[in-house]
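Some notes on the structure that comes next.
The values are calculated or read from the model by the stated rules, or taken from the named source; none is laboratory data. Note that this is a predicted model, so its numbers are computed, not measured. Here the Cβ positions follow ideal geometry from the backbone for every residue, glycine too, while neighbour counts run over all protein chains shown. Please note that ligands, DNA and RNA were not included when accessible areas were found on the heavy atoms of the full protein model with its side chains. Shrake-Rupley method; radii C 1.70, N 1.55, O 1.52, S 1.80 Å.
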Amino acid sequence: TREPDGSWALKFSGCSYVSLPQQIWPVQSSFTLEMEVKPEEVGRRQTLVFTGATSASLYIADGCVHAHFFLRNRFVSESGRAASVNVKGPPVAAGRWQKIRLVCDQKTAFIEVDGRRGEKVPVSGDLFYPLYTAIGGGMSDKAFFRGKIRNFEVRD
């Protein structure tokens, strides 16, 4: 969709998503994932980026931005559950554009929303290989994103 300032954005509603190449989210090197989002709501869980059920995701839940990574080198822990890292970022608001940054250097990870940084979380080792990359959707049709996304970028 065309925005009032002349820029372009992807609009997501219902069960829409964008499928991208498999490994745009690095698993063995540092990376920064950045995007601008304008969610219609922020109370329910909504997928921003998803790379498979046993890989990584970036999502909105309970008014905040979250990231979740499975760790390949520690995939099965002592309890028999998959080893993973959860990162909670600052709050995000409905109805306005906000810049989200997920930064991971393979030692720590954090999320920023409009320059406000969430807590740094330790990351031990490389991430599990992505199965695919989807923006705006994921495993569950209940978690599809509703709103707009623009200026998506992944860099090291």
Orientation-averaged projected area, Cα convex hull of region 83-156 (nm²): 6.1
Per DSSP, loop GluC sites (Glu not before Pro) in region 1-104 with at most 16 further Cβ within 10 Å: GLU40, GLU41, GLU78
Residue-span extension gain [GLU40 to ARG2] - 0.36 nm each, minus C-alpha spacing: 12.0 nm
Distance between modelled label sites at ALA53 and LEU131, nm, 7 Å Cα→Cβ extension: 0.6
Model label zone, GLN28; criterion: amide N under 16 Å from point 7 Å along Cα-to-beta-carbon; scope region 87-113: 106-107
Overall Cα dimensions of region 1-56, principal axis frame, Å, largest first: 39, 26, 19
Residues of region 121-156 with amide N under 19 Å of a point placed 7 Å along Cα→Cβ from SER84: 121-145
Apportionment of accessible area to carbon and sulfur, region 32-156, percent (1.4 Å): 48
Rg/Rh (Cα only; Kirkwood hydrodynamic radius) as it applies to the chain: 0.96
Förster-model FRET efficiency, 35 Å R0, CYS15 and GLN106, C-beta, rounded to 0.05: 0.55
